[in-house]
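Trainee: The structure follows.
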Amino acid sequence: MTSFDAMRNHWWWRPGWNVGRRFYTWHLTFEGQKDVHRLAAEYRSALAPFGDALTLVPDRWLHLTMQGIGFVGEVGEQDVRAVVDAAGEHLAAIPAFDVQVGPHEPDPEAILLHVHPDGPVHAVRSAIRSAIGDVLPGIPENADGFTPHVSVAYSASDGPAEPVFKALGTGGFAPARARIARADLIVIHRDNRMYEWEPFASVPLGRPDR
């Protein structure tokens, strides 16, 4: 059962967004994370009968949203590079860690996979926020209210929620394990009703062995 009756279209344009806009943001991504890809494929298979009512996320665009910096053109690239340098210092204090991805949680706009333990993910986000604060006069987005998750599908229309979550209720999805060893700064857009991006920088967690 869910606390809501209807799915709603995720792809409405949030304030500031439109076709062609690009945004600097930090994500955790899952390139080469075969167990996460396995789980996402199982969800895509279970949700395929819903057709265009759901946007199924392919492996290359799976992500854990972390912390935005700002729109391209509104934040200078020199400042963004300075944030990356500062993030390298802050993230060096956090060793790489493992998380479990799944099970899913009901949401009216997406199929969300819970990520836990969430403490290390919060620590990475706090380090990134500190790096932004080292460079920029203000840190965008709220520190509170962040819940680590990975979306495997987004609702692309308005419609009843019960059939979607009923289909998932019989799936028997085994949670995935993921190794988090870096944070990625990306330049993201949503022109194609999908979160797609170009990499800008990748910052490792922990200090390299000497």
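The values are calculated or read from the model by the stated rules, or taken from the named source; none is laboratory data. Everything quoted here is computed from the prediction, not taken from an experiment. Glycine also receives a Cβ, built like all others from the backbone with ideal geometry; neighbour counts cover every protein chain displayed. SASA here: full protein model, heavy atoms, side chains in, ligands and nucleic acids out. Shrake-Rupley method; radii C 1.70, N 1.55, O 1.52, S 1.80 Å.
Trainee: Subtract the Cα-Cα distance of Ala143 and Glu74 from 0.36 nm times their separation in residues, and report this length gain in nm to one decimal.
Mentor: Going from the current span to full extension adds 22.7 nm.
Trainee: Take the Cα of Ala82, step 7 Å along the line toward its Cβ, and report every residue of the range 6-42 whose backbone nitrogen sits under 19 Å from that point.
Mentor: Backbone N within reach: 24-26.
Trainee: Mind jotting down a quarter of the surface of the convex hull over the alpha carbons of the chain, in square nanometres, one decimal?
Mentor: 12.0
Trainee: Would you mind calculating the gained length between Ser126 and Ala48 on full extension (0.36 nm times residue separation, minus the Cα-Cα distance), in nm to one decimal? Don't skip to the end; give the middle numbers.
Mentor: On the way: separation 78, 0.36 × 78 = 28.08 nm, distance 3.66 nm.
Fully extending the segment from Ser126 to Ala48 adds 24.4 nm.
Trainee: In addition: Calculate how steeply helix 34-47 sits against the longest principal axis of the alpha-carbon atoms of the chain, using the helix alpha-carbon long axis, and give the answer as 0 to 90 degrees to the nearest 10.
Mentor: Between helix and principal axis, roughly 30 degrees.
Trainee: Follow-up question, since we're still on this one. Using a Förster distance of 25 angstrom, determine the FRET efficiency expected from the C-beta separation of Asn9 and Ala41, and round it to 0.05.
Mentor: After rounding to 0.05, the efficiency reads 0.55.
Trainee: In whole angstrom, note down how far apart the Cα centers of the range 104-122 and the range 24-62 are.
Mentor: The two parts, judged by their Cα centres, are 14 Å apart.
Trainee: For a protection proxy built on the mean count of beta-carbon atoms within 10 angstrom, sort 120-133, 83-96 highest first, please.
Mentor: Per-residue Cβ counts within 10 Å, averaged per peptide and sorted highest first, yield 120-133, 83-96.
Trainee: Can I ask one more? What whole-number value in cubic angstrom gives the convex hull volume per residue for the C-alpha atoms of the range 94-153? The partial results should precede the final answer.
Mentor: Details: hull volume 6.2 nm³, N = 60.
Dividing the Cα hull volume of the range 94-153 by its residues yields 103 Å³.
Trainee: Let me ask something additional. Between rounded, prolate and oblate, where does the range 134-193 land on the alpha carbon gyration tensor, with a ≥ b ≥ c its root eigenvalues, rounded for a/c under 1.5, else prolate if a/b exceeds b/c?
Mentor: Working: a/c = 2.30, a/b = 1.65, b/c = 1.40.
Prolate is the answer for the range 134-193, as a/c is 1.5 or above and a/b outweighs b/c.
Trainee: Same structure again: So what's the back-of-envelope 222 nm ellipticity for the chain, counting only DSSP H runs of four-plus at -39500 (n - 2.57) apiece and dividing by all residues, rounded to 500?
Mentor: Working: 4 runs with 54 residues, N = 210.
My calculation for the chain gives -8000 deg cm²/dmol from helical runs alone.
Trainee: Still on this model: Please work out the Cα center distance from the range 80-100 to the range 155-170, rounded to the nearest Å.
Mentor: If you average the Cα positions of each part, the centres end up 37 Å apart.
Trainee: Cα-based Rg (one decimal) and Dmax (whole number) for the range 98-210, in Å?
Mentor: For the range 98-210, the Cα-based Rg and Dmax read 16.9, 56 Å.
Trainee: Just the Cα atoms of the range 3-93: what Rg and Dmax do they give in Å?
Mentor: Considering the range 3-93 through its Cα atoms, Rg and Dmax are 17.2, 47 Å.
Trainee: Considering only protein heavy atoms and a 1.4 Å probe, what is the carbon-and-sulfur percentage of the accessible area of the chain?
Mentor: 51
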